[in-house]
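Before any comments, here is the structure.
The values are calculated or read from the model by the stated rules, or taken from the named source; none is laboratory data. Keep in mind it's a predicted model, so treat the numbers as computed, not measured. FYI the Cβ positions are ideal-geometry reconstructions off the backbone, even for glycines, and counts take in every protein chain you see.
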Amino acid sequence: MNLLEIRTSQYMPKLSNNDLQSLKEINIHYHDIPEILMKNLADRCYISISTLHRLILKIGFSGFSDFKLRITDDLKTIETAKLSSFDEENYLQNYLNNITLTKRLNEGEIKKVANVILEKTHRFCFGTGWKQKQVIDNFSNDLLYYGESFITLRTENDLRLSADTMDENSVLIILSLSGNTENYSKILETCKLRNITIISITSDKINSLSSLADYSLYYKENVLDDIDKHWNTGALDFLVNYLIEIIVYQKGEQ
């Protein structure tokens, strides 16, 4: 209910049928009240200025100026509520669409990635941020259930030191949101020189990490388009679990 409807309900015992009819007419023009003159509002509602003034006082306002000011504030509150309202159905559809698109983005590459992982004897994984590290840690731990293991690298220094020990029998998975390699581009150059297979997992944007990688997986993510939104890792979680399932399936086939 808007403010006029609330006040009408509050003062109902004091209002006549004619009052209620007039208030109903006024409510039709609720969104115009902040900019309208008292005379024009009275004309639209087919009542006199004195009747309008009496009604405004009767429902608890001190006068027409107070009436306009309070309704202006109420309209702003209503508009803010609309903008911030949470559309559950739209959220669900976006979530499912991101997962569907993530699957389609990787259908041609994910089996190749799984095969490479199973072929390599030395496996390393690295997440470039806090949430990335959580996801890659879970990936590594979950694969232990199937007798497959990764060494999880905690920091860029770990990555740098490990790169010096890797060789052509090594695979390195790097999970990133943006795919920005500014902080560790030299490490990747070392990896390329040592014939280390690099697998990138990034959002589906053009990025330097995926261009350097031997194999690239992508997840659909909107957070880079909206910096005020938290990063929902739903699509990434799906992709990582999708990869685990493919690894397990292809291991069984072998």
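Quick check, is Ile47 assigned by TED's automatic domain parsing to the domain that holds Thr72, in a helix (DSSP H, G or I) and without any contact (Cβ under 8 Å) to a residue 40 or more places away in the chain?
Spelling it out, it is not the case that Ile47 is assigned by TED's automatic domain parsing to the domain that holds Thr72, in a helix (DSSP H, G or I) and without any contact (Cβ under 8 Å) to a residue 40 or more places away in the chain.
Between Gly127, Gly60, which is on the phi > 0 side of the Ramachandran plot and either buried (at least 16 other Cβ atoms within 10 Å of the Cβ) or not assigned by TED's automatic domain parsing to the domain that holds Phe238 (or both)?
Gly60
Give me the residue from segment 169-194 that is farther than 30 Å from Asn97 by Cα and modelled with pLDDT of 95 or more and, out of that set, surrounded by the fewest Cβ atoms within 10 Å (Cβ to Cβ).
Asn169
Confirm whether Asp19 is in a helix (DSSP H, G or I), loosely packed, with under 14 Cβ neighbours inside 10 Å and at pLDDT below 95.
Considered against the rule, which asks whether it is in a helix (DSSP H, G or I), loosely packed, with under 14 Cβ neighbours inside 10 Å and at pLDDT below 95, Asp19 comes out as no.
If you take the residues of segment 1-16 that are hydrophobic (A, V, I, L, M, F, W, C) and touching a residue at least 12 places away in the same chain (Cβ under 8 Å), which of them is surrounded by the fewest Cβ atoms within 10 Å (Cβ to Cβ)?
Leu15
Could you tell me whether segment 32-39 includes any residue that is more than 30 Å from Lys205 (Cα to Cα), touching a His at 6+ places or on another chain (Cβ under 8 Å) and not aromatic (Phe, Trp, Tyr)?
yes
Could you identify the single residue in Asp228, Asp204 that is farther than 16 Å from Gly127 by Cα, surrounded by fewer than 17 Cβ atoms within 10 Å (Cβ to Cβ) and either in the same structural domain as Asp142 (by TED's automatic domain parsing) or at pLDDT below 90 (or both)?
Asp228
Name every residue in segment 50-106 that is in a helix (DSSP H, G or I) and among the acidic types (Asp, Glu), in order of residue number.
Passing the criteria: Asp66, Asp73, Asp74, Glu79, Glu88, Glu89.
Go through segment 78-124 and count every residue that is crowded, with 16+ Cβ neighbours inside 10 Å and of a type in the set (Gly, Ala, Ser).
1
Is it true that some residue in segment 111-121 is in a helix (DSSP H, G or I), acidic (Asp, Glu) and modelled with pLDDT of 95 or more?
yes
For the structure I just gave you, tell me whether Ile117 is of a type in the set (Val, Ile, Thr) and either more than 30 Å from the chain's Cα centre (by Cα) or not assigned by TED's automatic domain parsing to the domain that holds Leu239 (or both).
The answer is yes for Ile117.
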